[in-house]
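Contents: one structure, followed by commentary.
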Amino acid sequence: MGVASGRRKEDKETWRWNEEVQDSIQRTRLAKKKWDMDRTGENRQEYKELQRRVKREVSKAKQKAYDELYTRLDTREGEKDLYRLARQRDRDGKDVQQGQTEEFKVEEGLHQGSALSPFLFAMVMDQLSEEVRQESPWTMMFADDIVICSESREQVEENLERWRFVLERRGMKVSRSKTEYMCVNEREGSGTVRLQGEEVKKVQEFKYLGLTVQSNGECGKEVKKRVQAGWNGWRKVSGVLCDRKISARIKGKVYRTVVRPAMLYGLETVSLRKRQEAELEVAELKMLRFSGWKGLGTSTSEGQLMLDIWGTKLGRPD
């Protein structure tokens with residue numbers, strides 16, 4: 001007959017079960033059979049109690065297993081396990097009909113939607129850039145983008161060339177069309193920045209990590225974007241804010257939950273000028289008027305009305 005070999009097929013949940021959980025499950029099954037044979041209140045109560053106990057023990061076992069897993073992932077051994085897993089998955093993807101194809105070059109970039117690919121990419125980039133990477137804020141790495149800050153054009157060109165050499169000698173490529181540079185508070189002509197003799201595009205502003213950065217250090221365009229985002233949020237809930245049957249207190253809660261976070265997103269660390277604060281306050285006053293509040297124009301100031309109805313007022317703290 002022969003002897004079967006190989007791993008025993010297990011359910012994906014069984015690895016979390018310890019001996020205590022297994023014993024509780026066995027007792028629950030016996031109690032279920034006992035209740036099926038003799039449907040008395042005592043047997044039913046015993047079965048339900050064991051069932052609740054099993055659920056608690058399974059929950060504890062899962063939590064313990066997850067804690068141990070995340071603890072191991074933070075170690076060097078855990079990183080090696082992830083690397084071996086990714087390597088095995090890549091190797092299995094190349095197997096065709098239990099055989100191997102000829103070697104071929106993989107030219108894909110960062111896999112979108114994969115939870116493991118960004119982590120592996122970050123590990124590889126840490127190793128590749130170890131000899132040229134500087135501390136923040138002189139060098140900042142985000143996904144597949146790199147920010148290089150320097151105090152002069154010569155330093156920028158030198159650092160850019162070092163990064164290009166380190167990355168391209170290992171098979172990666174620096175995109176010339178997407179590489180841009182910006183001079184902050186430029187007082188006199190600083191020339192141009194070149195990469196291998198090719199001129200790099202100079203911009204006065206660019207959007208990075210969702211924030212518009214301007215060469216003059218201002219944040220006026222970002223404030224205008226935030227005001228527009230606030231109006232977009234206001235339109236989504238205008239049916240509530242413009243309904244006269246709804247109290248001002250409820251409208252204020254809806255406003256502070258939906259509209260105001262959209263207006264202030266990303267501005268917590270931005271140094272606003274009085275002119276930009278006024279733009280935000282004017283936008284709030286317009287929203288207040290469009291919401292049908294009839295108290296405007298009385299002896300009470302508009303700022304105090306906003307403070308009473310919407311809860312707080314934008315601007316500098318008193």
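The values are calculated or read from the model by the stated rules, or taken from the named source; none is laboratory data. The structure displayed is predicted, hence computed values, not measured ones. We place every Cβ from the backbone using ideal geometry, glycine too, and count neighbours over all the protein chains shown.
Observations on the structure shown:
Residue by residue, here is whether (1) surrounded by 15 or more Cβ atoms within 10 Å (Cβ to Cβ); (2) in the same structural domain as LYS201 (by TED's automatic domain parsing); (3) over 21 Å from the mean Cα position of the chain (by Cα) holds:
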position	(1), (2), (3)
PHE121	yes, yes, no
ASP126	no, yes, no
SER129	yes, yes, yes
GLN134	no, yes, yes
SER150	yes, yes, yes
VAL166	yes, yes, yes
ARG169	no, yes, yes
SER175	no, yes, yes
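- Verdict on GLU79 being modelled with pLDDT under 85 and surrounded by 10 or more Cβ atoms within 10 Å (Cβ to Cβ): yes
- Applying a threshold of 6 Å to beta carbon distances and a minimum spacing of six or more residues, or different chains, the list of pairs starting in the stretch 264-281 at a residue that is under 17 Å from GLY233 (Cα atoms) and ending at one that is assigned to a loop (DSSP other than H, G, I, E, B) and of a type in the set (A, V, I, L, M) reads LEU280/LEU314; GLU281/LEU314.
- Evaluating GLU161 against the criteria (1) assigned to a helix (DSSP H, G or I); (2) under 30 Å from GLY78 (Cβ atoms); (3) of a type in the set (Asp, Glu) leaves one unmet condition, (2).
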